[in-house]
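The structure appears right after this line, and notes come after that.
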């Protein structure tokens with residue numbers, strides 16, 4: 001019989017040999033006391049506030065001084081423009097070509113009014129050194145009244161002073177602008193210039209049908225049966241339309257007569273010449289509406305034989321230009337409404 005012996009167990013260490021138990025860390029009995037921030041003296045706070053306030057006041061004072069000086073400078077500039085203007089501009093001496101420019105729409109107000117253009121024309125014709133006057137035109141036209149006034153004044157000044165006038169059409173010289181150019185002795189163009197548009201128009205809108213659809217009734221009272229001529233809110237009146245057509249036909253005929261008088265036998269009249277069509281520079285020369293191609297410098301150098309060009313265009317004093325700039329929007333809507341019933345050359 002075999003005897004099975006159990007494996008011997010390892011000896012257990014004595015209690016005295018065991019390491020001492022590790023106790024968990026003990027939390028601090030009490031948190032460290034927080035020291036209060038050092039108190040800021042009241043005098044320092046008041047002093048800082050006073051400094052900030054003083055700094056603000058100084059900044060405000062500087063801006064006030066700046067704006068006052070700016071307004072003073074503007075007032076002095078306006079006063080200079082009003083009382084001095086071009087007084088110290090030395091009159092040109094020696095032979096030269098006078099330039100009067102027409103740029104933009106010809107209308108009763110602004111730089112291209114008849115009054116403004118004529119100021120430059122008179123100065124040019126009356127200057128002893130001027131050999132000839134050149135009109136440089138970049139305009140689509142405008143008021144037939146203003147254009148007619150300028151045209152007639154050119155005729156008068158030519159008869160009085162005996163100086164020749166040349167028109168140079170650059171980009172466009174159409175309608176009322178061509179009315180002015182027709183008073184010149186010769187008209188020069190670029191081959192791509194737009195020339196002509198000899199016609200008159202009167203345009204507007206009609207809202208009678210729209211008002212009827214919206215259920216809006218027009219209540220128009222007039223003293224004079226034709227006072228509501230071409231009222232846009234009333235139905236079309238055939239008699240009023242016929243009257244307006246006769247009116248613009250008469251203005252158109254005045255335009256045609258001025259062109260015929262100015263161009264004479266150079267015109268090659270066709271059924272479309274006075275129809276309101278516009279032509280390029282080459283076509284205008286073929287039709288007799290222009291004489292030849294040439295720029296301002298070319299005319300001064302080769303035609304007038306006075307290369308020195310002096311600008312006589314009236315641009316107004318500084319005060320007038322400022323008034324025009326800042327007052328341009330006043331009453332503009334009303335003016336545009338009134339112009340709807342005024343014939344236009346454009």
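The values are calculated or read from the model by the stated rules, or taken from the named source; none is laboratory data. Keep in mind that what you see is a predicted model, and the values were worked out from it rather than measured. A quick note on method: Cβ atoms are made from the backbone with ideal geometry, for glycine too, and the neighbour counts reach across all protein chains shown.
Quick notes on this one:
- Extreme residue, farthest from residue 126 (Cα to Cα), among residues of the stretch 161-200 that are out of contact with any helix residue (DSSP H, G or I) (no Cβ under 7 Å at 6 or more places or on another chain) and part of a strand (DSSP E or B): 194
- Within the stretch 250-274, the set of residues being assigned to a helix (DSSP H, G or I), more than 23 Å from residue 165 (Cβ to Cβ) and in contact (Cβ under 8 Å) with a residue 12 or more places away in the chain comprises 251, 252.
- With respect to the conditions (1) over 30 Å from residue 197 (Cβ atoms); (2) crowded, with 19+ Cβ neighbours inside 10 Å; (3) modelled with pLDDT under 95, residue 112 falls short on a single one, namely (1).
- For residue 141: the one exception among (1) in contact (Cβ under 8 Å) with a residue 40 or more places away in the chain; (2) over 19 Å from the mean Cα position of the chain (by Cα): (2)
- Hey, residue 228 under 36 Å from the mean Cα position of the chain (by Cα), in a loop (DSSP other than H, G, I, E, B), in contact (Cβ under 8 Å) with a residue 24 or more places away in the chain and surrounded by 10 or more Cβ atoms within 10 Å (Cβ to Cβ) or not: no
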